[in-house]
Amino acid sequence: MQFLQKRMNIINGLMLIAAGTLVGCSAGGNKPGYEYAPNMYESEAYEAYTQVGEMKYNPNGMTMRTPVAGAVAQGQMGYTMYTEGYEASASWTNPVAPTEANVAEGMRLYNIQCQHCHGKKGKNDGGVIKSGQYPPPPWDGYQSETIKNLPDGKAYHSITFGKGNMGAHGNVLSPNERWKVLHYVRSLSLGDDFVYAAEETKDKEVASATAMSFEGFELVDIGPDLDMINAAMRNVHFNGMQYKKFEEQSKPHLDKVAAFMTSNPDLKALVVGHVASDMNIPGFGELSLIRAKTVCDYLESKGVSRDRLSPKGKGSTMPIDTNDDKIGKLINRRVEIYFIK
Ligand code: HEC
């Protein structure tokens, strides 16, 4: 009898385990089922990048946010700057006239962006180099034959994208400003041999920045404000999860564009969106137009009437840089503004 009782206990026990297993297995759809010893699945200490439910300030419910695109971990930057195109750039020539005013503006910008390394007179004796903490360029100064023989286009390329230990300056100087700085570098390099142009000399037409027509529209020459507008638009970024909206920090830059349009009520604007080639995938078809419209909406909210704003989407048909790496794609992903009457 006792033996039978024992057998029944064992059978009951087994049935209980079986029932428990069945209930536990009823997982599916949105139900994870029962978790036995949940600590085995979810760590007590939150792990970076795991999802732990909704949070007000973190729409993806992640413990830690993913680093911004292009972030580099400390110590991981091998200092390989953007070299593609350096050789080809040798054929570019300086489109800005070397008038005294342009060279003086170049000097002003040089003293802000360059002299702490290259020195006031281009002798590589700026504070940063003199401190001994930073390796100097492999030539003596701008007066060296190396720099005198360096084609303008290559110098422009290095100023834009950086070279060796010199960082990129394309993000702090507009194309026009970079060419002006280069004139000043040349004036330091050549000294008395530097030839100034007469003050009334016009800049040669720069294909992208001052194109006089776009898609059959005749563009209005807005003079020196063009640099300000282009610089503002280069600071309008569309990245991350909310890929249809520009990032919050773009707003002060768009505010400048809105203020410019408010004080120039005769002007209308073509607002042209472009995407990098990786956005040419189903579902992203009209993204460049959507982004252009987002910019128009914002300008309208700042008092620019809608009938002055025409959004256009160019997809990835007008790249201004390579689509083969991250920096190129970042540059291609942009919204531009062209002014018409
Ligand atoms: C942090 C220091 C630093 C700053 C700031 C800096 N440079 Fe340089 N620059 C260097 C170094 C180092 C090199 C040498 C790069 C190499 O060839 O490895 C260099 C190289 C150059 C060259 C030669 C490029 C070539 O193709 O060989 C030019 C021209 C130049 N710099 C101009 C400028 C101008 C103009 C600015 C300001 C807009 C500037 N640099 C800002 C450190 C700096």
Loop-resident GluC sites (Glu not before Pro) in segment 169-204 with no more than 14 other Cβ atoms inside 10 Å, DSSP not H/G/I/E/B, are 199, 200
For segment 88-193, the dipole about the Cα centre with charges only on Cβ (Lys and Arg +1, Asp and Glu -1), to the nearest 20 debye, works out at 240 debye
Expected vector for segment 218-223, Karplus 3J(HN,Hα) from phi with 6.51, -1.76, 1.60 and θ = phi - 60°, integer Hz, x for Gly and Pro, equals 7, 8, 8, 7, 9, x
Listed by chain and number, the residues whose amide H is under 5 Å from that of residue 99, excluding neighbours fewer than 5 places away on the same chain and using placed H, are 197
For segment 166-176, in residue order, the Karplus 3J(HN,Hα) values (coefficients 6.51, -1.76, 1.60; θ = phi - 60°; whole Hz; Gly and Pro = x) are 8, x, 6, 10, x, 8, 10, 10, 6, x, 4
Scalar couplings 3J(HN,Hα) for segment 98-104 by Karplus 6.51 cos²θ - 1.76 cosθ + 1.60 (θ = phi - 60°), nearest whole Hz, x for Gly and Pro, are x, 6, 4, 5, 5, 5, 5
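Scan segment 121-157 for chymotrypsin sites (Phe, Trp or Tyr not before Pro) in coil per DSSP, keeping those whose Cβ has at most 15 other Cβ atoms within 10 Å, and list them by number. Provide the component values of the computation, followed by the final result.
Working: sites: 139, 142, 156; in loops: 139, 142.
Filter output for segment 121-157: 139.
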The long-range amide H neighbours of residue 313, using H built 1.01 Å from N in the peptide plane and a cut-off of under 5 Å, are 273
The local net charge around residue 332, scoring Lys/Arg +1 and Asp/Glu -1 for residues other than residue 332 whose Cβ lies under 10 Å from its Cβ, equals +1
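Taking the Cβ of residue 141 as the centre, find all other residues whose Cβ is under 14 Å away and add up their charges (Lys, Arg: +1; Asp, Glu: -1). Write down the numbers at each step before the final one.
On the way: positive: 120, 121, 123, 130, 148, 186; negative: 125, 140, 145.
So the surrounding residues net to +3.
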Any residue on another chain or 5+ positions along whose placed amide H is under 5 Å from the amide H of residue 246 is listed here as none
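So if we plug the beta-carbon distance of residue 111 and residue 133 into 1/(1 + (r/R0)^6) with R0 = 22 Å, what FRET efficiency do we get, rounded to 0.05? Please report the intermediate quantities before stating the final value.
Working: r = 21 Å, r/R0 = 0.96.
In this case the efficiency is close to 0.55.
Values quoted throughout were computed directly from the atomic coordinates according to the rules given, and no laboratory measurement underlies them. For clarity, every value in this text was computed on a predicted model and none was experimentally measured. Reconstructed Cβ throughout: ideal geometry from the backbone, glycine too, with neighbour counts over all protein chains shown.
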